[in-house]
2 protein chains.
Amino acid sequence: MEKRAYKDQVYGALADLTKALANPRRLEIVDLLAQGEFAVEDIARETGLSIANTSQHLQVLKGVQLVSATRDGHYLRYRLANPDVYAAWQLLRTYGLNRQANIARVVHDFRSQREVLQTVSIDELLGKLNDEGVVLLDVRPSDEYGQGHLPGAVSMPIGELLERLEELPRTGTIIAYCRGPFCVFADEAVQLLTSRGYPAQRLEEGFPDWKHRQLPYELA
Amino acid sequence: MEKRAYKDQVYGALADLTKALANPRRLEIVDLLAQGEFAVEDIARETGLSIANTSQHLQVLKGVQLVSATRDGHYLRYRLANPDVYAAWQLLRTYGLNRQANIARVVHDFRSQREVLQTVSIDELLGKLNDEGVVLLDVRPSDEYGQGHLPGAVSMPIGELLERLEELPRTGTIIAYCRGPFCVFADEAVQLLTSRGYPAQRLEEGFPDWKHRQLPYELA
DNA sequence: TATTTATTCAATAAGTTTATTGATTAATTG
DNA sequence: CAATTAATCAATAAACTTATTGAATAAATA
């Protein structure tokens with residue numbers, strides 16, 4: 001093979017792979033699939049896309065083997081094809097937050113508006129886990145909690161939080177977490193909790209970051 | 001800001017960043033800029049693009065701050081904006097080689113055709129560096145050698161190799177390296193050397209990978 | 001200050017990507 | 001085996017991306 005044809009093939013194939021990720025909806029799908037397995041209609045509901053459009057995006061991701069699917073009754077359950085896909089998304093996300101001022105600002109403004117002023121990183125959390133009165137609150141939908149959650153975390157999906165407030169201690173610190181830095185459930189939880197006088201903070205990262213660091217986690 | 005508008009902004013900005021990389025020519029440019037600084041016309045020559053087209057691609061990369069430029073006389077010298085850009089390219093490249101069978105096959109076939117049957121990784125090279133008779137041969141253009149090279153490496157740009165053969169020892173092993181796994185200079189060097197009876201192998205990775213691992217390197 | 005030179009800009013046509021719509025498929029389950 | 005259901009396909013229009021061309025710009029040197 002000629003030198004030029006060779007380079008065209010290699011860089012072309014890598015560009016095809018990159019193109020599969022180079023779309024806001026598909027990045028959102030990858031970020032969602034980091035939580036576990038989802039059927040097409042679940043992904044459509046979570047992202048606000050139509051079923052057909054969701055399917056189309058999933059075909060693109062499947063075409064370069066970034067996701068895979070297996071049938072489960074009437075449903076096709078999609079998932080990330082391997083842990084490196086998550087590592088790539090995490091690198092992209094971190095690069096954006098650290099190096100692109102506009103992204104960091106959008107996130108900061110959104111949280112300020114909800115009076116989410118402080119966040120806790122996984123590193124900081126590890127130092128606090130054995131402290132008295134630290135409560136871990138998982139505010140994701142309950143099936144995502146079922147597919148893996150932080151050790152000892154209480155499941156309280158954001159929609160149930162208001163009516164279940166009395167289950168939470170009035171002293172100590174509540175640390176709410178959800179899917180990742182761009183997930184808003186934890187921000188909403190912190191806003192609700194602090195406005196009622198519960199001391200609360202959000203975890204900067206999400207459950208997939210905990211899992212990816214090989215920290216122990218609980219199932220079901 | 002509304003939840004949906006927020007997600008559109010965040011994932012949109014990250015998709016814009018990814019889109020800047022999602023093109024074969026721009027990936028090739030990033031791979032080249034990993035060697036050091038280049039003027040627009042150098043990049044155009046190396047990639048075979050027109051000057052205007054090269055400039056256009058560089059504007060796209062500059063627009064998301066993946067590259068930066070400074071003036072030097074009549075020339076504008078472009079470079080990668082920061083080491084994380086190289087880390088991202090390296091991750092993409094490694095993912096492609098490890099997970100996309102088609103990419104690995106194209107590289108393998110190209111090398112087989114040139115009878116480049118064995119390669120040495122940086123890890124393997126580190127164990128051999130103190131052995132008798134190991135010669136490191138840098139077959140990149142001499143200005144790239146000048147911008148950084150492996151300790152003790154001899155500079156012999158691929159075009160000069162044939163006429164300078166007698167400078168090389170007939171015994172021991174010659175390890176040729178260049179820009180990275182997709183750079184063909186080292187493959188061509190190994191083909192030429194082995195066909196003349198010099199025992200030669202190529203380094204799988206390139207100089208930027210050595211540098212990125214914080215291993216010591218020489219300048220000028 | 002005029003000339004040279006490297007780079008960018010602007011306009012364009014061809015090709016690609018996207019969301020939408022409605023029809024179709026494939027598999028499960030009653 | 002018929003009905004149901006989840007997911008995909010196919011066609012389309014609108015919006016983007018790309019390489020090409022030739023003109024314009026901005027900075028450096030004579």
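The values are calculated or read from the model by the stated rules, or taken from the named source; none is laboratory data. Predicted model only: the values in this text are computed from it and were never measured. Every residue, glycine as well, gets a Cβ built from its backbone with ideal geometry; the counts of neighbours run over all protein chains shown.
Within the option set B:Arg71, B:Arg45, being part of a strand (DSSP E or B) and either in contact with an Asp or Glu (Cβ under 6 Å, 6 or more places away or on another chain) or over 24 Å from A:Tyr95 (Cβ atoms) (or both) holds for one residue only, B:Arg71. Taking the conditions (1) crowded, with 21+ Cβ neighbours inside 10 Å; (2) assigned to a loop (DSSP other than H, G, I, E, B) in turn, A:Ile175 satisfies each one other than (2).
Condition (residue is within 11 Å of DNA strand D (Cβ to nearest atom), at pLDDT 95 or above and touching a strand residue (DSSP E or B) at 6+ places or on another chain (Cβ under 8 Å)) applied to the stretch B:31-41: is it met by at least one residue? Outline the logic, then answer.
We begin by selecting, within the stretch B:31-41, every residue within 11 Å of DNA strand D (Cβ to nearest atom); these are none.
The answer is no, given that none of the residues of the stretch B:31-41 is within 11 Å of DNA strand D (Cβ to nearest atom), at pLDDT 95 or above and touching a strand residue (DSSP E or B) at 6+ places or on another chain (Cβ under 8 Å).
Looking across B:Ala44, B:Ala22, one residue alone is farther than 30 Å from A:Glu188 by Cα, within 13 Å of DNA strand D (Cβ to nearest atom), crowded, with 17+ Cβ neighbours inside 10 Å and within 9 Å of chain A (Cβ to nearest Cβ). It is B:Ala22.
Of the residues making up the stretch A:10-19, just one is within 12 Å of B:Glu28 (Cβ to Cβ) and away from DNA strand D (no atom under 14 Å from the Cβ), namely A:Val10. What's the total number of residues in the stretch A:98-118 that are among the polar types (S, T, N, Q) and not in a helix (DSSP H, G or I)? Count: 2.
Can you give me the number of residues within the stretch A:192-220 that are surrounded by fewer than 18 Cβ atoms within 10 Å (Cβ to Cβ) and more than 19 Å from the chain's Cα centre (by Cα)?
Within the stretch A:192-220, residues that are surrounded by fewer than 18 Cβ atoms within 10 Å (Cβ to Cβ) and more than 19 Å from the chain's Cα centre (by Cα) number 5.
Residues that are assigned by TED's automatic domain parsing to the domain that holds A:Gln191, of a type outside the set (A, V, I, L, M, F, W, C), in a helix (DSSP H, G or I) and crowded, with 16+ Cβ neighbours inside 10 Å occur at least once in the stretch A:140-147. For the stretch A:47-59, the candidate set comprises residues that are more than 10 Å from DNA strand D (Cβ to nearest atom) and on the phi < 0 side of the Ramachandran plot; within that set, the residue that is surrounded by the most Cβ atoms within 10 Å (Cβ to Cβ) is A:Thr47.
Condition check for B:Val85 on (1) at the interface with another protein chain (Cβ under 10 Å from one of its Cβ atoms); (2) over 24 Å from B:Arg213 (Cβ atoms); (3) in contact with a helix residue (DSSP H, G or I) (Cβ under 9 Å, 6 or more places away or on another chain); (4) away from DNA strand D (no atom under 16 Å from the Cβ): one failure, at (2).
Of all residue pairs spaced 6 or more apart or on separate chains, those with beta-carbon atoms under 8 Å, a first member in the stretch B:61-80 that is more than 13 Å from chain A (Cβ to nearest Cβ) and near DNA strand D (Cβ under 10 Å from one of its atoms) and a second member that is outside any strand (DSSP E or B) and charged (D, E, K, R) are B:Tyr75/B:Glu41. Within the stretch B:148-159, being surrounded by 13 or more Cβ atoms within 10 Å (Cβ to Cβ) and in a helix (DSSP H, G or I) holds for one residue alone: B:Ile158. In this structure, is B:Ala15 within 23 Å of A:Val184 (Cα to Cα), touching a helix residue (DSSP H, G or I) at 6+ places or on another chain (Cβ under 6 Å), within 10 Å of DNA strand C (Cβ to nearest atom) and assigned by TED's automatic domain parsing to the domain that holds B:Leu66? Yes, satisfied.
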